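The values are calculated or read from the model by the stated rules, or taken from the named source; none is laboratory data. Quick caveat, the model's predicted, so the values are computed rather than measured. Ideal geometry is used to build each Cβ from the backbone, glycine not excepted, and the neighbour counts take in all protein chains shown. What goes into the accessible areas is simple: the full protein's heavy atoms, side chains included, and nothing from ligands, DNA or RNA. Shrake-Rupley method; radii C 1.70, N 1.55, O 1.52, S 1.80 Å.
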Amino acid sequence: MTSSHEPDNRIPVIVLSGFLGSGKTTLLNRLLSHAPRSAVVINEFGATPVDQQLLRQYNVPLSTLSGGCLCCQVHGALTPLLKNLRMAWQAQAEKPFDRVLIETSGIANPEPILDTLLRERWLASRYRLDGMISTVSATSGEDALNRFPEAQAQIAWADTLIITHTDLAEDWQIHNLTARLDHLAPAAAKIQSAHGNIDPDSLLRLPKQNRYRLKTDTPMPQHDFSSTTLQLDQPVSWPRLQAALENLINRYSDQLLRLKGVVYTTGNSEPLCVQGSAGRLYPPIPLPARASDDGRSRLVFITDGEVQGLIETVKAGLLAPS
């Protein structure tokens, strides 16, 4: 650690957390548009990483940890990744980035991540944890808090809470959720966001709270989340895919927690970002085409427990008559 008389050469780190579908990637996009000199570490639950495709317009150092969440399977991979990132940064006279943004999986308990940054001696002397931001949806946040301890942990450890989707929520939903957040995280700043609008500069100047009191001897609860990937090798009709996904959301509304992906549709040269959560399929967003695009659509479905027949339901919908 540095003394008060020495310059602090540690790289600042901000952890972005929040339950599935609460708007973490939207927030990350906002931060990168304001502060492009950032390195990004994305953790995705499931074997097929998709989120890095949603950041394709940014030329930033980007690392992806997939196959599990940072609180369990890939926890041990974070330390060597950050070590390599720091050594690459230190080896260059002109530093390639000014900060690191870590986006956790939507089902991750952030405590082991904070523990790694604060207690791993080599990392703690070279990285400075500036704070943790958690997103929570005004429309589905209370249900997630009632059902999943991971969602509660994401709130409890946050310095700043971004209440998203306020434009889609009723006043009573926002009121009830805010009261719940005041109970779970009374010291955290709470900011309401509609249409993804947020002041990124204020988030990058987080006050240093130094309030973390880690309890790593507490056993982590076992979760039952499952991830399934659908790959489509040919462009598809968007109206058919939209209908198939809406049918899927309606059929498995309680189990299907999140769907996201990049799809290629007939008649369009640009791929589409497709996302859905909490019983809602959001309008697709065009993404810039890249020379490396392979034309294969990939959709990831995250469910509470395994759902039999999910992929078959989507494929059947694509074959249904118009």
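Points to keep in mind about this one:
For every residue, the table says whether it meets (1) open to solvent by less than 10 Å² (accessible area, probe 1.4 Å); (2) of a type in the set (Asp, Glu); (3) more than 21 Å from Ser22 (Cα to Cα).
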{"position": "Thr104", "(1), (2), (3)": "yes, no, no"}
{"position": "Pro110", "(1), (2), (3)": "yes, no, no"}
{"position": "Arg121", "(1), (2), (3)": "no, no, yes"}
{"position": "Arg128", "(1), (2), (3)": "no, no, yes"}
{"position": "Ser134", "(1), (2), (3)": "yes, no, no"}
{"position": "Asn146", "(1), (2), (3)": "no, no, no"}
{"position": "Thr164", "(1), (2), (3)": "no, no, no"}
{"position": "Asp167", "(1), (2), (3)": "no, yes, no"}
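- Meets criteria (farther than 19 Å from Gly18 by Cα and at pLDDT 90 or above) for Glu306: no
- Taking the numbered list (1) surrounded by 20 or more Cβ atoms within 10 Å (Cβ to Cβ); (2) farther than 14 Å from Ile107 by Cα; (3) modelled with pLDDT of 70 or more in turn, Val50 passes all entries but (3).
- Glu94 meets each of the listed conditions (1) assigned to a loop (DSSP other than H, G, I, E, B); (2) of a type in the set (Asp, Glu); (3) farther than 22 Å from Ser33 by Cα apart from (3).
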